[in-house]
Amino acid sequence: MSVPIIKLNNGLQIPAIGLGTWQSQPAEVVAAVAYALKEAGYKHIDCAWGYNNEKEVGEGIRQSGVPRSEIFITSKVWGTYHSRVEEALDETLANLGTDYLDLYLIHWPIALNPKGNHPAFPTLPNGLRDVDHSWKLSDTWKQMEALVTKGKVKSIGISNFSVKKMEEILPSAEIIPAVNQLELHPYNPQHELLAYCRSKGIVPQAYSPLGSTNSPLLADDVVLKIAQKHSLQASDVLLGWLVVHDIVALPKSVTPSRIASNLTGTIAAIGKLDKEDIAELDGLAAAGKQKRFIMPPWPVDLGFDNWTAPMPQPKAA
C-alpha cells in the first residue's frame, strides 16, 4: 500500500496523508505516533510547538523504530516566537529528538507579545490576546528562510494565511512558501483561496479534514450517499476528496483502528470517487452548508471569507 505523494515547489516530495496531533493528549500520542509509523504505514507526522505534546510525539517516533530518513516531520512556530524563530525551532528539534525538520510553518499570521503574561497565550488586562500589532510578518518569514540556508529545515511554509496575509510576505520573500495549512473540508472548501495558492505554487494542506469533534460532516447525507455507493466510510470520502484535489490531508486520531482506516480508506476512496462525486462534494458549501469550525478569538482581522465568529471585544474595566 503506497501513500500518494505530492511534489512541492522546491522539488521535494510530501506524503499526501499525514497523522495530525492537535488535541492529542500527551499520554495517548506516544502510542498513536508509534502505531501510525510502525504498523499503519504512515510516513508523515504533523506537529507543533503550540500543541504542547512534541516531546511525546518524539518519543513515539523513537518507539516506532522507523529511521528518521523515512519520516516526513512538520512543525510550526508559535506566535510568541515570531521574533526568535530559531529559538523556537531548537526547542522543537530537542523535543522531537531530531536535528532537522522536513517542513516548518508559521502557525498563525499573528505575532504575540514574547514578554507577555503567558508563554503561549498572553493576554492584556482587558482580556484580549496580547498581539504585537507592530510586528511585520515579512520579518518572521526572513528568519524562516535563514533556517533553510542553515540546513535545519528542508522546506518552509505557512498556516492559516488568507490572501491578505500572504500578500504581507510574498513581495519580499526569497523562498515562496511550500504549503499553506488551512481548515479544509467540503463545508469550508475555500475555493478562491486555494486557486490563489496554486497560482503561486503553494500546496494546500488540510487540518481538521473531517470537521471537528461530533462533526456534522460525517453525517452529511451527500457524503453518506457517496460512501454507500462505493462501500466506503464517510471519513474515507472526505479524505479522498482532499487528496484527489492534491490537498495534503492530516486526520488526527489516537485510536489504532481509526489511524489505520484513515490511511487505507483514503487510498481506497482515491480510486473510487468519480467526477460526479467530486463535483457534488465541491458544491456542498455553496449549496448552503458553508461552515468553518476553527475560529480562535484573535483580536485581528485575518482576511478570511466565512469567518463568522464575532471580533472579540475588550472586557469593561
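In this structure, residue 56 does not satisfy being open to solvent by 60 Å² or more (accessible area, probe 1.4 Å), in a helix (DSSP H, G or I) and not polar (S, T, N, Q).
Just one residue in the set 253, 261 is open to solvent by less than 30 Å² (accessible area, probe 1.4 Å) and under 19 Å from the mean Cα position of the chain (by Cα); that residue is 253.
Going by the conditions given, is residue 213 of a type in the set (Ser, Thr, Tyr) and either at positive phi or surrounded by 22 or more Cβ atoms within 10 Å (Cβ to Cβ) (or both)? Considered against the rule, which asks whether it is of a type in the set (Ser, Thr, Tyr) and either at positive phi or surrounded by 22 or more Cβ atoms within 10 Å (Cβ to Cβ) (or both), residue 213 comes out as no.
Results for (1) outside any loop (DSSP other than H, G, I, E, B); (2) under 23 Å from residue 14 (Cα atoms), shown as yes or no for each residue.
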site: 62; (1), (2): yes, yes
site: 73; (1), (2): yes, yes
site: 91; (1), (2): yes, no
site: 95; (1), (2): yes, yes
site: 98; (1), (2): no, yes
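Checked against (1) within 30 Å of residue 264 (Cβ to Cβ); (2) open to solvent by 10 Å² or more (accessible area, probe 1.4 Å); (3) of a type in the set (Gly, Ala, Ser), residue 83 meets all criteria but (1).
Sub-9 Å Cβ pairs linking a first residue in region 193-214 that is closer than 16 Å to residue 15 by Cα to a second residue that is open to solvent by 30 Å² or more (accessible area, probe 1.4 Å) and of a type in the set (A, V, I, L, M, F, W, C), at least 6 apart or interchain, are 202/176; 207/22, ordered by first then second residue. Can you name the residue in region 161-188 that is part of a loop (DSSP other than H, G, I, E, B) and either basic (Lys, Arg) or open to solvent by 10 Å² or more (accessible area, probe 1.4 Å) (or both) and, of all such residues, is farthest from residue 145 (Cα to Cα)? Result: 187. In region 100-157, the residue that is nearest to the chain's Cα centre (by Cα) out of those that are part of a loop (DSSP other than H, G, I, E, B) and within 25 Å of residue 16 (Cβ to Cβ) is 107.
The values are calculated or read from the model by the stated rules, or taken from the named source; none is laboratory data. Bear in mind that the values here come from a model prediction, so they are computed numbers and not experimental data. Glycine also receives a Cβ, built like all others from the backbone with ideal geometry; neighbour counts cover every protein chain displayed. With ligands, DNA and RNA removed, areas are computed over all heavy atoms of the protein, side chains included. Shrake-Rupley method; radii C 1.70, N 1.55, O 1.52, S 1.80 Å.
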